[in-house]
Amino acid sequence: MLQKPKGTYDIYGDRALEMLYFRKLVNALMDKYNAKYFETPIFESSELFHRGVGETTDIVSKETYDFKDRGNRDLTLRPEGTAGIVRSFIENKLYAENLPLKAWYLGPMFRYERPQAGRHREFYQFGLEAFGSSDPMMDAEVIGIIVNLFKILGLKGVSVNINTLGDKASRENYRKALLDYFKPYLNDLCEDCQRRYEKNPLRILDCKVDADKDIMKSAPNMIDYLNEESKKHFDKVKEYLDVMGISYKVNSNIVRGLDYYTHTVFEVQADIDGFGSQNTLAAGGRYDHLVEFIGGPSVPGVGFAVGLERLFLALNAENIDIREIVCPDVYMFSTSDEQKPYVLSLSNDLRMAGFNVEIDYNGKSFKSNFKQADKVNAKYIIIIGEEEVNSKVLTVKNNETKEEYKVNLNDLIEFLDEKLGDEHED
Ligand code: HAM
């Protein structure tokens, strides 16, 4: 039997209901922030990600799905959303329009990682990128969006961790300090870190292999290398988070696995007993030079992405059910094939009048039709026989109370409207 590729999964049943509800919720929330919806290609030129996410990051050096198309182009399945949105922002010259622009997206991302609970090779992210403000107010706003989203969902066990990587000059200072610090210990570091030492020493702090070593614990701290400007920015972000009543921890170990960040970086963790190691539900930060680096003008940006699988795991762990179960208002069937056209046309009219209608297509027996109506949880059953067609008086049965009504065809919509009351949305 053919099977889905390792690390992927099918969306149907409960997961489909969760996804649909989540999309609806996020759509409404994004409107409140005047954020605009974006969809960018699922594959882009490999160069975009190599340049955008960073050549030395794990994502690009080990995890991308790279391929050549039949025209010999180098393409990559997107491992994240930011680079594509930035490309689109530049290519469509959106920087020349009204800024700030808040762009949001929701779709699949691809990383060749070792699959486990909360880690997949195809996974979904909901993200937002805000362009055109270097003000720390935007950093706080962006973190506030995630906090509000989780609050609306009713998720309680979450903690916000923030850090700063400072501006370019502070980062350069810090880079030098790290080079000096790690130099005598180079042989104690893993092979990857020895490579990182040459290319991007900040990455060493993000290493999972070396994380517990003592040399990591006493490594220089970014906070001590920030210049005045960077310190001021970070202090303001904290002040604004306080103003919004958002509690957070400053965690100097957060350096993030992508190269594009400057100033604020953050991760929102699930703080739920037994949740497992993949507990970062959302992450992001500021990237003031990425637009320019990818070939656009100098426009600052800040954004985040939420991992949907992990979020749904966290909701399940807290027994929060976001499925919206939809059941037919009416299940309709005919007693013989002759009345099938009537069923088809009446069900069509009812749907156009706003009702959810399921019908029998297969000419099932009376008994199987009643069973089917129960299985799909239909609220009312309408049976169409020769007599109903001729008399234009229909038999409508409440599938729960089993009460039967004789309803004139002309009064049917009014009848259903009245019976289904608030449950029925136009
Ligand atoms: P990221 O930290 O690589 O950042 O991913 C963001 C979130 O996506 C993670 O916190 C996690 O919830 C989810 N995620 C990542 N990899 C996987 C995986 N293999 N399986 C399941 N979930 C996963 C970014 O992607 C940045 N683009 C975020 C950003 C936006 N920064 C600025 N703007």
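The values are calculated or read from the model by the stated rules, or taken from the named source; none is laboratory data. Computed from a prediction, not measured in an experiment: that's the story for all the values here. Cβ placement follows ideal geometry from the backbone for every residue including glycine, while neighbour counts extend to all protein chains displayed. Side chains included, ligands, DNA and RNA excluded: accessible areas come from the protein's heavy atoms. Shrake-Rupley method; radii C 1.70, N 1.55, O 1.52, S 1.80 Å.
Which of the residues spanning the stretch 132-143 are more than 11 Å from the ligand (Cβ to nearest atom) and hydrophobic (A, V, I, L, M, F, W, C)?
Correct list: MET137, MET138, ALA140, ILE143.
Could you say whether any residue in the stretch 216-226 is within 16 Å of the ligand (Cβ to nearest atom) and either in contact (Cβ under 8 Å) with a residue 24 or more places away in the chain or open to solvent by 70 Å² or more (accessible area, probe 1.4 Å) (or both)?
Going through the stretch 216-226, the residues within 16 Å of the ligand (Cβ to nearest atom) turn out to be none.
No: zero hits.
With the requirement that a residue be of a type in the set (A, V, I, L, M) and under 24 Å from THR264 (Cα atoms), what does the stretch 167-217 give you?
ALA169, ALA177, LEU178, LEU179, LEU202, ILE204, LEU205, ALA211, MET216
Search the stretch 100-129 for residues being surrounded by 19 or more Cβ atoms within 10 Å (Cβ to Cβ) and either more than 9 Å from the ligand (Cβ to nearest atom) or hydroxyl-bearing (Ser, Thr, Tyr) (or both), and hand back the single one that is nearest to the chain's Cα centre (by Cα).
The residue in question is PHE126.
Output the number of the condition that VAL147 fails; it satisfies all remaining conditions of (1) closer than 30 Å to LEU311 by Cα; (2) at pLDDT 95 or above; (3) open to solvent by less than 30 Å² (accessible area, probe 1.4 Å).
It fails just one condition, (3).
Is it the case that the stretch 293-300 has a residue that's small (Gly, Ala, Ser), in contact (Cβ under 8 Å) with a residue 24 or more places away in the chain, assigned to a loop (DSSP other than H, G, I, E, B) and more than 15 Å from the ligand (Cβ to nearest atom)?
yes
Quick test for you: out of TYR287, TYR331, pick the one residue that is away from the ligand (no atom under 16 Å from the Cβ) and either assigned by TED's automatic domain parsing to the domain that holds ILE381 or of a type in the set (Ser, Thr, Tyr) (or both).
Exactly one of TYR287, TYR331 is away from the ligand (no atom under 16 Å from the Cβ) and either assigned by TED's automatic domain parsing to the domain that holds ILE381 or of a type in the set (Ser, Thr, Tyr) (or both), namely TYR331.
How many residues does the stretch 282-292 hold that are part of a helix (DSSP H, G or I) and open to solvent by 10 Å² or more (accessible area, probe 1.4 Å)?
Going through the stretch 282-292, the residues part of a helix (DSSP H, G or I) turn out to be 290-292.
Subset that is open to solvent by 10 Å² or more (accessible area, probe 1.4 Å): 292.
Count: 1.
Name the helices (runs of 4 or more DSSP H) wholly within the stretch 311-426 that hold at least 2 residues that are of a type in the set (A, V, I, L, M, F, W, C)?
340-352, 366-375, 412-420
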